[in-house]
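Derivation of every value follows stated rules applied to the coordinates shown; laboratory data play no part. As the structure is a computational prediction, the values presented were derived from the model and not from experiment. For neighbour counting, all protein chains shown are included, and Cβ atoms are generated from backbone atoms with ideal geometry for every residue, glycine included.
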């Protein structure tokens, strides 16, 4: 992912107001982000842990930002392990969280949302590249996909989620 500045990030959001985008806090380590290893930028708002944000490259060369919420009763159901629906990394259940996004436009202002289970730290790109490991290794199948194939799959999953939000 190409590096983005503060203004590019804040102006990219499609499902929140300009005021909400202006008030959100960027990642604490924003100046040190490993942009070359990111397929999208995702973070939990340091000032509001019930909010998360995701910014991904757009087809036109810009960026698309999505504001997300962590439901207060966020449980993956009693499962001992869970899988991120973006990068398909297996985690102990605490490593995956439900993130809910208001839909873009009038539908979102009416309260309509869509959700998906994602790595709780939104570090899918780093898990794919082996630069971060799940806290508790889960038993699972070993994949034979290359890193590039895993990246393409994660981006396709993210495309599908984004399309559900933007309609």
Efficiency of FRET between residue 145 and residue 28 - r from beta-carbon atoms, R0 45 angstrom, step 0.05: 0.90
Label-to-label distance, nm, for residues given as residue 131 and residue 17 (7 Å Cα→Cβ offset): 3.6
The stretch 6-166 - percent relative contact order, Cα under 8 Å, separation 6 or more: 21
Viscosity 0.692 mPa s, 37 °C: Kirkwood-radius Stokes-Einstein D of the chain over Cα pairs, µm²/s: 201
Helix-derived mean residue ellipticity, 222 nm - over the chain, DSSP H n ≥ 4, -39500 (n - 2.57), to 500: -6500 deg cm²/dmol
Reciprocal mean inverse distance between Cα atoms of the stretch 97-167 - Kirkwood radius, Å: 14.0
